[in-house]
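FYI, it's all coordinate maths here, none of it is from the lab. These numbers were taken from a predicted model, which means no experiment stands behind them. FYI the Cβ positions are ideal-geometry reconstructions off the backbone, even for glycines, and counts take in every protein chain you see.
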Amino acid sequence: MSEPLKVKVALIGAGGWGKQHARIFSERTDIDFCAIVGRSLEKTQQRAAEFRTRAYTSVTEMLKQENPDLVSLCLPNQGHFEATLEVIQAGFPLLVEKPLVFGLKEAEILLNEAEKRGLFFAINFNHRYAKPVQLAHEAVRRGELGELTFGTFRFGGEGSSTHPHANLIETQCHGFDLLEHLCGPVESVMAEMTDKTGGGFRTMALSLKFVSGAVGSLIGTYDSSYAYPETQRLELDGTKGRAVITDTVKRYTFHPSGSELGQTWEAGYFNDKDREFHRTFDYHVEALLQALKKGEQPPIHAKAGMRALQIADAAIRSFESGKRIRV
């Protein structure tokens with residue numbers, strides 16, 4: 001690393017969620033937050049000054065001047081490919097935001113180029129680090145739910161994009177990742193979608209079959225509101241019990257089969273960190289840095305981004321053909 005006990009990190013992207021990257025990197029004592037790259041010099045200088053680092057408008061120049069130990073990329077959803085490929089071809093370890101990209105061919109190029117160079121290549125599926133998700137994962141691992149029979153994921157809010165399947169690819173990738181994280185690999189998918197409100201297929205309902213034999217469903221939309229209570233819900237049902245995750249970080253409940261008495265987790269009065277969605281990223285960065293320092297693979301490899309894209313692609317082909325598609 002560039003300094004003893006410090007990881008030199010550069011950020012590409014000075015936008016909204018990029019501020020969370022900058023916040024984490026600037027607060028950690030084991031990180032030398034060396035640079036932010038943005039498209040607008042003035043806005044990038046403002047963001048860099050806010051987090052006491054250096055501003056660049058050229059990825060090439062930043063990599064040459066700073067030689068970071070890790071590059072974090074947080075760019076507009078449909079603008080991931082070129083900058084990510086440049087960082088990979090320059091040989092730098094990297095963390096990218098979801099979605100990996102919007103097309104399978106581009107995803108294959110990125111993964112192949114990174115693999116050829118043996119690069120550390122992580123993706124930020126930070127929902128895995130929410131306390132309720134971790135509790136659900138432990139319950140499944142310990143067999144408290146028994147054999148899973150179904151898993152269902154619902155997530156809806158506002159959004160807009162020029163891509164007709166933006167919600168499916170850039171937002172429901174979290175649903176695909178969580179369902180496979182908790183229920184195992186998806187075997188096949190069948191989809192219904194609607195463009196009723198215009199702007200593409202903003203709402204969809206998917207029927208899933210898992211390799212384990214369990215079934216599942218996913219409902220996603222940009223025709224709703226993140227202001228609604230329970231805008232997100234994940235339910236796992238098994239032969240021994242049921243687990244429910246509400247609003248990702250808000251609540252986890254478990255009921256043994258046949259029991260009206262269950263267990264509930266909610267963040268306590270002073271537990272702001274587990275209550276706040278943004279802090280799921282803090283937990284991911286902690287795990288990521290430990291892996292990077294030890295020379296290990298990232299806790300969530302970019303291959304998970306490819307996997308989510310493969311399921312989304314199968315859903316699109318199912319909708320267009322009216323047939324169930326194997327993933």
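Things to note:
- Cβ-based net charge around Met306, under 14 Å, with every Lys or Arg adding one and every Asp or Glu removing one: -3
- Calculated mean residue ellipticity, 222 nm, the chain: -10500 deg cm²/dmol, from DSSP H runs (n ≥ 4) at -39500 (n - 2.57) each, averaged per residue and rounded to 500.
- Coil-residue trypsin sites (Lys or Arg not before Pro) of segment 1-79, DSSP, other Cβ within 10 Å capped at 13: Arg39, Arg52
- Farthest toward positive dipole pole in the chain [+1 Lys/Arg, -1 Asp/Glu at C-beta], among Pro256, Phe81, Ser161: Pro256
- Between Glu144 and Lys105, the contour length at 0.36 nm per residue exceeds the alpha carbon distance by 10.0 nm.
- Across all directions, the average projected area of the convex hull around the alpha carbons of segment 7-125 is 6.6 nm².
- Amide N of segment 118-156 lying under 20 Å from the label point, which is placed 7 angstrom from the Cα of Glu187 along Cα→Cβ: 146-153
- Of Glu42, Glu192, Glu86, the one that fluctuates the most in a GNM where the chain has Cα springs shorter than 10 Å: Glu42
- Top of Ala49, Ala205, Ala302 by mean-square fluctuation, Gaussian network on the chain, Cα under 10 Å: Ala49
- Extension gain, Ala205 back to Glu276 (0.36 nm per residue minus Cα-Cα distance, nm): 22.7 nm
- For the peptides 268-278, 140-150, 310-320, the ranking by packing is 310-320, 140-150, 268-278, with the highest mean count of neighbouring Cβ atoms within 10 Å listed first.
- Looking at the chain alone, DSSP beta bridges between its own residues are antiparallel in about 60 percent of cases.
- Within segment 1-107, percent of DSSP bridges classed antiparallel, to nearest 5: 5 percent
- Nitroxide proxy distance, nm - points 7 Å out along Cα→Cβ at Leu119 and Glu266: 4.4 nm
- Value of relative contact order over the chain, rounded to a whole percent, pairs C-alpha under 8 Å and six or more apart: 17 percent
- With a Förster radius of 30 Å applied to the beta-carbon distance between Lys196 and Lys323, the computed FRET efficiency rounds to 0.85.
- Annotation: extensible slack from Gln134 through Asn67 equals 20.6 nm (criterion: 0.36 nm per residue apart, minus Cα-Cα distance).
- Note on segment 69-134: Cα-Cα pairs beyond 18 Å make up 35% of the total pair count.
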